[in-house]
Amino acid sequence: MEIDGDVEEASRRVQVRFITKLKAPFKAPTTAIAIPSNLTRLGLSAVVNNLLKAGKDDWNSEPFDFLIEGELVRMSLENFLLAKGISAERVLEIEYIRAVVPRKEEEPSLHDDWVSAVDASNPGLILTGCYDGLGRIWKAAGLCTHLLEGHSGAITSVSIINPSVLESGTDLLVATGSKDRTLRLWMLDADESMDHPTKVTAFRTLRGHSASVQSIAPQASGDMVCSGSWDSRINVWYTKESDTGADLVSVKKRRKDSEDVDSQSEGEAASTLVGHTQCVSSVVWPERGTIYSASWDHSIRRWDVETGKDSMNMFCGKVFNCLDVGGESSALIAAGCSDPILRIWDPRKPGTSAPIYQFSSNTSWISACKWHDKSWFHLLSASYDGKVMLWDLRTAWPVTVIDSHKDKVLCADWWKGDSVVSGGVDSKLCISSEVAVQ
């Protein structure tokens, strides 16, 4: 007898047991149950929510993701089992985790020009750089507390030198890089409470690049900062006057428009790393003696700060726009290029320069990428296609697409472990919050 296909499909069931590392109230009974094999992630999420809300009148449905043998399910259960060669004859253990999606979108924080740079490494504030030449400190969405005035060109990069300042109670130290070819260091009271933005002047200007500063990164100790530039060089600078010795000279700023301007100091580079042949688009300083850099010359390099030599040189065949180091044992290199592909390398694997992961859901250049500092699996990417995507290495598809911007996204970062901040050509700082990363 011929059986209707839909009836036959509906009759296929598989025995499963849902398990989780989540705490109450997200722990479901671990009893094996039979479910239709054609369920997708949304259907599995509905089943788990039904199990969780049993006897709870006030339960609010929660989106979940699902792992089978360590891999995220991104198709129907039946197709996943077939693709992975997993038998459906036994009780299948399915681990569920809270889905990595924003549960809240804050009101955008407006700037006067493109938001080109963001650093959200301090849980109490966000630092942005803008094409109007101003840096800004934000305590929350729409709440700007400080304006950093002094650059004569667009700000291209920002960095919080001492992100743990709220715990230590010391002043906030930040650095900004600009198209005016300088870096500037700023000191401010992060706890200062004002009903309007406080204007801050840099206490030190760092000169030494002959072209636009494109990227800056601090050493973890906060004693030094490095910068990559369109002049193809990486400069290393001291952030404290006591460390700079003869390299630091006190200068009385010249009269400007017949008015006295506050005195400040100027610093010279402690050392310069030479090797790239085009713009150094991105630098990171994950370990005390090691700097990573990405360049428009199609290469990623790893530098020994003490010797000034590069100990690793990887070529991709594409212009690099951004770079970050993190993931497993803080050893994986993520980078975005002048194409829609986010690439990830493991430099611990000898004899290969091929990426171990390539994610290609964007439709334009990747402008920023950032690992989550508490997860080996999660990172974000921003793109000129106007989207921010959240990735989990356990699946080839983005786990979330954030579509808050109306134009190119130029920068993005994680904030407080559960929020994503981004800025772009639409002159907005956007905050997507309550993202559950485990």
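The values are calculated or read from the model by the stated rules, or taken from the named source; none is laboratory data. Given the structure is predicted, the values throughout are model-derived calculations rather than measurements. Backbone-built Cβ (ideal geometry, glycine too); neighbour counts: all protein chains shown. Surface accessibility is based on the protein's heavy atoms, side chains included, excluding ligands, DNA and RNA. Shrake-Rupley method; radii C 1.70, N 1.55, O 1.52, S 1.80 Å.
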task = Taking the dipole about the Cα centre of the chain, with the C-beta of Lys and Arg at +1 and of Asp and Glu at -1, give me whichever of Val100, Ala140, Ser433 is farthest to the positive side.
result = Val100
query = Arg394 label point, 7 Å along Cα→Cβ, cut-off 16 Å on backbone N: hits in region 41-82?
reply = 41-42, 44-45, 63-75, 77, 80-81
Whole-angstrom Cα spans of region 376-438 along principal axes, big to small = 32, 25, 14
key: Portion, in percent, of the accessible area of the chain that falls on carbon or sulfur, probe 1.4 Å   = 48
query = What is the ratio of the Cα radius of gyration of region 302-398 to 2.2 N^0.38 Å, where N is its residue count, to two decimals?
reply = 1.07
ask   = If you put +1 on each Lys and Arg Cβ and -1 on each Asp and Glu Cβ, how big is the dipole of region 299-361 around its Cα centre, in Debye rounded to 20?
value = 160
remark   = Counting every C-alpha pair in region 77-139, the percent lying more than 16 Å apart is 68
note = Taking every C-alpha to C-alpha distance in region 18-59 and binning by 5 Å from 0, the per-bin percentages run 5, 20, 31, 26, 14, 4
query = Which of the pairs Lys53/Lys416; Lys104/Lys318; Lys84/Lys406; Lys240/Lys370; Lys199/Lys240; Lys240/Lys349 have their Cα atoms more than 31 Å apart in this structure?
reply = Lys104/Lys318; Lys84/Lys406; Lys240/Lys349
query = In debye to the nearest 20, how big a dipole does the chain give about its Cα centre with +1 on each Lys and Arg Cβ and -1 on each Asp and Glu Cβ?
reply = 640
task = Kindly identify region 19-115 as rounded, prolate or oblate by the Cα gyration tensor criterion: order the square roots of the eigenvalues as a ≥ b ≥ c, call it rounded if a/c is under 1.5, otherwise compare a/b with b/c, prolate if a/b is larger, else oblate.
result = oblate
message = If you average the C-alpha positions of region 345-365 and of region 55-81 separately, how far apart do those two centres end up, in angstrom?
response = 28
message = At R0 = 35 Å, how high is the FRET efficiency between Ala141 and Asp189 if r is their beta carbon distance? Nearest 0.05 is fine.
response = 0.95
inquiry  = Give me a comma-separated list of calculated 3J(HN,Hα) values for region 301-306, in order, Karplus coefficients 6.51, -1.76, 1.60 applied at θ = phi - 60°, integers in Hz, x for any Gly or Pro.
reply    = 10, 10, 10, 8, 5, 5
ask   = What ranking do 63-69, 24-30, 290-296 get when scored by the average of other Cβ atoms within 10 Å per residue, highest first?
value = 290-296, 63-69, 24-30
ask   = Say a paramagnetic label sat at a point 7 Å from the Cα of His196, along Cα to Cβ; which residues of region 135-164 have their backbone N under 19 Å from it?
value = 135-139, 142-150
task = Grab the beta carbon distance between Met312 and Ser360, set R0 = 25 Å, and tell me the FRET efficiency rounded to 0.05.
result = 0.50
ask   = In nm, to one decimal, how far is the Thr272 label point from the Ala88 one, both placed 7 Å along Cα→Cβ?
value = 6.6
inquiry  = Taking just the alpha-carbon atoms of region 103-142, what radius of gyration and Dmax come out, in angstrom?
reply    = 10.4, 33
ask   = Which value, in Å², gives the accessible area per residue of region 71-158 when a 1.4 Å probe is used on the protein heavy atoms?
value = 39
key: Kirkwood hydrodynamic radius over Cα pairs of region 96-196, then Stokes diffusion coefficient at 25 °C and 0.890 mPa s, in µm²/s   = 171
request  = Could you point to the residue in Ser212, Cys411, Ser353 farthest towards the positive end of the chain's charge dipole, with +1 and -1 charges on the Cβ of Lys/Arg and Asp/Glu respectively?
outcome  = Ser353
ask   = Based on the Cα coordinates of the chain, what is the per residue volume of their convex hull in Å³?
value = 174
